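Remarks on the structure that follows.
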Number of protein chains: 2
Amino acid sequence: MMEPSGDEPSPGLEAAVHRRHDGTFRWEQVEMLAYKQEGSAPFRDVTRQVLINAPELACELRYFEIAPGGYSTLECHEHVHGVMILRGRGSCLVDATVLHLDTNDLVRVPPMTWHQFRAGEDEAMGFLCMVNTARDRPILPTEEELSAMRQNPVVAAFIRH
Amino acid sequence: MMEPSGDEPSPGLEAAVHRRHDGTFRWEQVEMLAYKQEGSAPFRDVTRQVLINAPELACELRYFEIAPGGYSTLECHEHVHGVMILRGRGSCLVDATVLHLDTNDLVRVPPMTWHQFRAGEDEAMGFLCMVNTARDRPILPTEEELSAMRQNPVVAAFIRH
């Protein structure tokens with residue numbers, strides 16, 4: 001795929017700057033990663049790929065994909081998420097609000113706000129997430145915090161933990 | 001569209017964090033902007049929308065759309081572009097290399113590298129572009145630099161200025 005053609009005189013530069021999408025939400029030279037270490041936090045069926053990451057850029061752009069029925073970790077942190085849904089549909093909890101998300105929708109997760117993303121039961125959801133490269137680690141809820149959240153029936157019905 | 005429903009108890013938070021895509025590459029609460037001031041630099045048929053911009057984030061995510069036959073400005077700058085094609089197909093020049101771009105492809109434009117994006121003749125191209133919020137202003141080529149670039153027939157055929 002990297003062979004030079006008539007109008008691509010610099011295959012070295014092409015390989016360094018262009019990462020083609022393969023049509024299945026995988027990209028050339030982009031490694032498929034575990035979302036998190038198994039057992040480190042509750043989640044189900046989430047993958048992670050780092051799409052844009054350069055020493056000159058102060059943010060990273062990651063692509064997360066949640067399989068049907070899967071969910072990201074319920075967590076919070078100081079750093080902000082700037083999210084765009086790239087594939088499919090799903091939902092997310094932000095604080096005590098459930099958002100229904102469709103392709104290309106945008107979501108901002110404010111600092112220190114509990115949040116969790118879920119794919120639909122029958123449909124994967126993939127999303128871009130922009131974060132500062134220098135950022136704090138996520139915090140998981142304590143049992144007391146979980147109990148407090150579950151006082152709200154909408155939140156109780158949504159969260160997976 | 002912002003009315004609270006049974007499971008959306010915080011319409012204030014929803015409006016603050018969720019910007020729905022309308023199906024035509026426009027988003028709620030996102031202003032359609034001119035690409036640049038007319039006459040400030042050569043370009044044709046480009047629009048700009050700032051999708052993600054928050055005081056806590058060190059980068060912005062912008063969406064540019066180039067109409068069929070249109071092109072961005074041929075320019076360079078110290079700051080890096082992290083690009084993902086979101087809609088359609090087109091091409092770009094990076095240094096002396098022409099890249100053919102398809103939906104979801106990624107492109108990194110290194111520092112101080114001449115670059116220009118073009119839509120196809122019959123198809124618009126829309127792309128996300130991540131940049132540091134604090135960044136330098138683009139530089140346009142001098143006549144001497146343009147002449148030097150045009151020594152390469154591939155570059156000469158590609159650029160619009």
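Derivation of every value follows stated rules applied to the coordinates shown; laboratory data play no part. Predicted model only: the values in this text are computed from it and were never measured. Don't worry about glycine lacking a Cβ; one is built from the backbone with ideal geometry, like all the others, and counts go over all protein chains shown.
The figures follow:
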quantity	calculated
Residues of region A:63-74 satisfying the condition of being crowded, with 20+ Cβ neighbours inside 10 Å and in a strand (DSSP E or B)	A:Tyr63, A:Glu65, A:Ile66, A:Gly70, A:Tyr71
Test result for A:Asp95, within 8 Å of another protein chain (Cβ to nearest Cβ), farther than 29 Å from B:Ala134 by Cβ and charged (D, E, K, R)	yes
Search result, residues across region B:99-116 that are in a loop (DSSP other than H, G, I, E, B) and either within 9 Å of another protein chain (Cβ to nearest Cβ) or among the charged types (D, E, K, R) (or both)	B:Asp102, B:Thr103, B:Asn104, B:Asp105, B:Pro110, B:Pro111, B:Thr113
Residues located in region B:18-45, provided they are under 12 Å from A:Leu106 (Cβ atoms) and of a type in the set (Asp, Glu)	B:Asp22, B:Glu28
Failed condition for B:Pro141, given (1) facing another protein chain (nearest Cβ under 8 Å); (2) more than 15 Å from A:His18 (Cα to Cα)	(1)
Filter result for B:Met149 (under 13 Å from the mean Cα position of the chain (by Cα), buried (at least 18 other Cβ atoms within 10 Å of the Cβ) and closer than 22 Å to A:Glu14 by Cβ)	no
Residue satisfying condition, being facing another protein chain (nearest Cβ under 9 Å) and under 19 Å from B:Thr103 (Cβ atoms), within set A:His79, A:His18	A:His18
Matching residues in region B:117-135 - criterion: being in a loop (DSSP other than H, G, I, E, B) and either within 8 Å of chain A (Cβ to nearest Cβ) or not charged (D, E, K, R) (or both)	B:Gly120, B:Ala124, B:Thr133, B:Ala134
Every residue from region B:29-57 that is assigned to a loop (DSSP other than H, G, I, E, B) and either buried (at least 19 other Cβ atoms within 10 Å of the Cβ) or away from chain A (no Cβ under 14 Å) (or both)	B:Met32, B:Tyr35, B:Lys36, B:Gln37, B:Glu38, B:Gly39, B:Ser40, B:Ala41, B:Pro42, B:Phe43, B:Leu57
Residues satisfying the stated conditions in region B:104-124, i.e. touching a Leu at 6+ places or on another chain (Cβ under 7 Å) and either free of Cβ contacts under 8 Å to residues at least 24 places away in the same chain or under 18 Å from A:Arg19 (Cα atoms) (or both)	B:Leu106, B:Val107, B:His115, B:Gln116
